Amino acid sequence: MKKYRRMRAMGLVGSETVQSDSGGAASIDTRRACATMLLASVAALALGVGTASAQEAADPAAAQESANTLLPAEAATLLDKITVVSRTDESAIDSMASVSHIGEEQLERRMATTPQDVLFGVPGVALQSDANRTASSVNIRGLQDFGRVAVIVDGARQNFQRSGHGTQSMFWLDPELIKQVDVVRGPVANTYGSGAIGGVVFYETKDAEDFLREGETWAASATGRYDTNGKGWTTSATGAYRFNDAVDVLGNLVWRDFGDYKDGGGEEVPGSGFDVLSGLLKATIRPTELSELKLGWVGADDSWTEGLDAYDMDVKQNTFTGRYHVTDEDESWLDLHVNMAVNRAGLDQTYLRDVRQFDSETGGPIIVPAGSQTTYDLDTYGIDIWNTSRFETGALSHELTYGGDWVSDDVVTANAGGGMDVYTPSGKRRVSGAYIQEKFTYDWLEVIGALRYDSYQLDSDVGEIEGDRISPRITVGVSPFEQIGLAGLQIYGTYAEGYRSPSLSETLISGLHPNGVAFPFLPNSDLRPETAKTWEFGVNYSVDGVIQGDDSLRLKAAYFNNDVDDYIGGATLSAFDPTADCPFVPGAIPICFQYQNFANAKIAGFELESVYEAGWGFAGLSVSIVDGHTISYDGEREDLLTIPSSQVTGQLGFRFLEDKLTVGGEVQYNGKPEGNPIADKYTLVNAFASYQATEDFRLDFRADNIFDVKYTNPLNASATDIVYEPGVTLKLGATMRFGG
């Protein structure tokens, strides 16, 4: 299929003064007052409803039984859903960890254009992207890049990385292909793979069994959408076929064509336009009633330009996955999962005009002619196997989970002009691990104990580096109350450690900075792996029949303190310091850049996620407060530029016309991270509506950044220039479905 692309003028945004709003002071005060009122209302609703149920119940036990009977299945909140990342079939609300779930209804409501839109309002999670909005780096609790956050699509790790200013770790996944997203925050995620000291984001793509209705053999749908900011068109087509009860298949194709958007000040942001062609093909085979095999392919072909229209960028990514699951209720020792994945990503940077650079070895000026090409190719192979055995010993119930995983990254970069292939070096990285986790339950007490063994190996032309470690986890949870209103309260505490090996780029970066000014990059084969040590104290609260028989409240809150020993960060060295081993290079400025270990990074914060569901609608409140800094071995403290904004997000929605019409809004306040040179506090107000006109036809509407606030993502502090986010954006979409 031919892909249509439009060449757009792109480049770096000029430096400007950061503004929190395009309006005047009176307008700002009014908007903040409105935001405060809505957030206070949602907070009062979500946190104050618990008292009402106790007052209503003359017979607490009978009232609770009545509430459970009257609560319809569709009223269950998202925190009740079984998470894909759960190794023991737990829901988010039952997990003694900071876990969030984004389901189909939320995804439809967000009308996501980019991966950033998908995770809007999830506590503790932020995404970094520059003007190229199709590629993102996920940040969890102030940690990102180089595998600190494991991004997984249908079981396949997304490890692509390109060194430079701005976004470093990237993944490409169109929101239209996603069925659900699960997030685990903190190193308690160490059963999901090596290196995830920040956490895990697991994207599950669409399935035929979720798309096909009961009795249908086939079904198809088409979605069209228009975004006013950037004049963007989105077209998505989905088809599914059920051959029999044992085999079904689904395919999805998405095309997006977006121009440059305008920020809140009405200025066009160069380089923000893009063209995307994405696809999905997934087959589910059930060899027996007790087993299931999922075979999948996800592909992306994205295009944009960079560097003042100097480079044409084109990425092609193909992800192949195979996942097998077998379980038997009569054989409680058997709940086996086997995942295998291959992820191949290739980024081509084609020079559209002659570009002046510095030779990566001599430092002398050179001209890279138009038509030259820099290529970044990454092949990632992965295997993940685990089993859960369930049994009882007396009054104790046990869930024993044990498994292992292996991931291999093969990186090949090349550039005829020199430079880019030097500070994104070629090489091979192997990480593997094995773990055992025991969860036992005794009445009101739950205890989880786990050990994980990790090892890594880096291979390149300059040598081999390796290491290993054992990381523990212990979690204790109590549910001490039985009376109505408090029976769903659980309190837990966790200590967990995680282990991340240095990446190829951090270890092997070398050569000279290619343009602007020349200075050396220094490799560091002595880098030590990072070790994260986290304390977390949390509360889970679940209650049905809060005010009326068909409502429910789910709440998760946690305080965390994460010390990352031997944290790896970039350091600027002086050529005048004889202890720095920074050489003088003719024609270069007298500094060097090198990744080095700091004594530790200290990150602490608080998170809250609450959802109230009722027949009339829903309300939600999420809070994320995070702060962090690094401390050098000399005791010098420095703010972390990867600390995101602290956020308070409130959401309120109403259902009308027998639930066919849903309308609502969101308010999000963002604070200024301490020490961030580009960020400022700002408040966003969004609105949404959807109308299910018939069983097979739906209309969706969304308005983002209604007050046209001019703001920037604080995670882009490492970029060379400020990139402002989109101003007011209206989205209108329609979906038609057929089946038989």
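The values are calculated or read from the model by the stated rules, or taken from the named source; none is laboratory data. As the structure is a prediction and not an experimental result, all values here were calculated from the model. Because the Cβ atoms are built from the backbone with ideal geometry, glycine has one as well, and the counts that use them run over all protein chains shown. With ligands, DNA and RNA removed, areas are computed over all heavy atoms of the protein, side chains included. Shrake-Rupley method; radii C 1.70, N 1.55, O 1.52, S 1.80 Å.
Here are some notes:
- Comparison of Val125, Val153, Val118, Val138 shows that the only residue that is closer than 29 Å to Leu732 by Cβ and touching a helix residue (DSSP H, G or I) at 6+ places or on another chain (Cβ under 6 Å) is Val118.
- Checking Asn229 against (1) in a loop (DSSP other than H, G, I, E, B); (2) within 30 Å of Asn339 (Cα to Cα); (3) modelled with pLDDT of 95 or more, the condition it does not meet: (2)
- Test set (1) surrounded by fewer than 20 Cβ atoms within 10 Å (Cβ to Cβ); (2) under 24 Å from the mean Cα position of the chain (by Cα) - Ile722 fails condition number: (1)
- Complete set of residues in region 223-235 that are in contact (Cβ under 8 Å) with a residue 24 or more places away in the chain and open to solvent by 50 Å² or more (accessible area, probe 1.4 Å): Tyr226, Thr228, Lys231, Trp233
- For region 132-145, the count of residues that are small (Gly, Ala, Ser), assigned to a strand (DSSP E or B), more than 22 Å from Ala237 (Cα to Cα) and open to solvent by less than 10 Å² (accessible area, probe 1.4 Å) is at least one.
- Residues of region 275-309 that are of a type in the set (A, V, I, L, M) and either in contact with a Ser or Thr (Cβ under 7 Å, 6 or more places away or on another chain) or surrounded by fewer than 19 Cβ atoms within 10 Å (Cβ to Cβ) (or both): Val276, Leu280, Leu281, Ala283, Ile285, Leu290, Leu293, Leu295, Val298, Ala300, Leu308.
- Residues satisfying the stated conditions in region 315-350, i.e. open to solvent by 30 Å² or more (accessible area, probe 1.4 Å) and among the acidic types (Asp, Glu): Asp328, Glu329, Asp330, Glu331, Asp348
- Condition check for Val564: surrounded by 21 or more Cβ atoms within 10 Å (Cβ to Cβ) and hydrophobic (A, V, I, L, M, F, W, C): yes
- Residues of region 299-314 satisfying the condition of being among the hydrophobic types (A, V, I, L, M, F, W, C), assigned to a strand (DSSP E or B) and farther than 18 Å from Leu177 by Cα: Trp304, Met313
- Per the listing Tyr559, Tyr612, the residue uniquely modelled with pLDDT of 95 or more and open to solvent by 20 Å² or more (accessible area, probe 1.4 Å) is Tyr559.
- When each of Asp454, Asp421, Asp409, Asp459 is tested for being buried (at least 16 other Cβ atoms within 10 Å of the Cβ), modelled with pLDDT under 90 and charged (D, E, K, R), the lone residue that passes is Asp421.
- The sole residue among Ile625, Ile603, Ile678 that is aliphatic (A, V, I, L, M) and not in a strand (DSSP E or B) is Ile678.
- Matching residues, region 95-111, being in a loop (DSSP other than H, G, I, E, B) and surrounded by fewer than 20 Cβ atoms within 10 Å (Cβ to Cβ): Gly103
- Residue list for region 236-270, restricted to those being surrounded by 21 or more Cβ atoms within 10 Å (Cβ to Cβ) and either over 19 Å from Val723 (Cβ atoms) or in contact with a Phe, Trp or Tyr (Cβ under 7 Å, 6 or more places away or on another chain) (or both): Ser236, Thr238, Ala240, Asp248, Leu250, Asn252, Arg256, Phe258, Asp263, Gly264, Val269
- Residue satisfying all of: in region 574-595; touching a residue at least 40 places away in the same chain (Cβ under 8 Å), in a strand (DSSP E or B) and surrounded by fewer than 20 Cβ atoms within 10 Å (Cβ to Cβ); nearest to the chain's Cα centre (by Cα) among these: Phe593
- A single entry from Thr642, Thr735 fulfils the requirement of being out of contact with any Cys (no Cβ under 7 Å at 6 or more places or on another chain), touching a residue at least 60 places away in the same chain (Cβ under 8 Å), crowded, with 17+ Cβ neighbours inside 10 Å and within 28 Å of Asp210 (Cβ to Cβ): Thr735.
- Contact annotation: residue pairs with Cβ atoms under 9 Å, 6 or more positions apart or on different chains, pairing a residue in region 706-723 that is closer than 11 Å to Pro644 by Cα with a partner that is open to solvent by 20 Å² or more (accessible area, probe 1.4 Å) and assigned to a helix (DSSP H, G or I), are Asn713/Gln116.
- Among residues of region 179-196 that are within 21 Å of Tyr402 (Cα to Cα), those with a beta-carbon under 9 Å from a residue that is in a helix (DSSP H, G or I) and at pLDDT below 75 at least six positions away or on a different chain give the pairs Ala196/Ala189; Ala196/Asn190.
- Residue within region 665-674 that is modelled with pLDDT under 95, touching a helix residue (DSSP H, G or I) at 6+ places or on another chain (Cβ under 6 Å) and under 30 Å from Thr424 (Cα atoms) present: yes
- Residue under evaluation Thr114, criteria (1) surrounded by fewer than 24 Cβ atoms within 10 Å (Cβ to Cβ); (2) closer than 15 Å to Pro644 by Cβ, criterion not met: (2)
- Condition check for Val564: closer than 30 Å to Leu504 by Cα and within 28 Å of the chain's Cα centre (by Cα): yes
- Answer residue from region 474-488, given it is modelled with pLDDT under 95 and open to solvent by less than 30 Å² (accessible area, probe 1.4 Å) and is farthest from Thr191 (Cα to Cα) among those: Gly485
- Any hit, region 687-706, residues being surrounded by fewer than 21 Cβ atoms within 10 Å (Cβ to Cβ), part of a loop (DSSP other than H, G, I, E, B) and among the aliphatic types (A, V, I, L, M): yes
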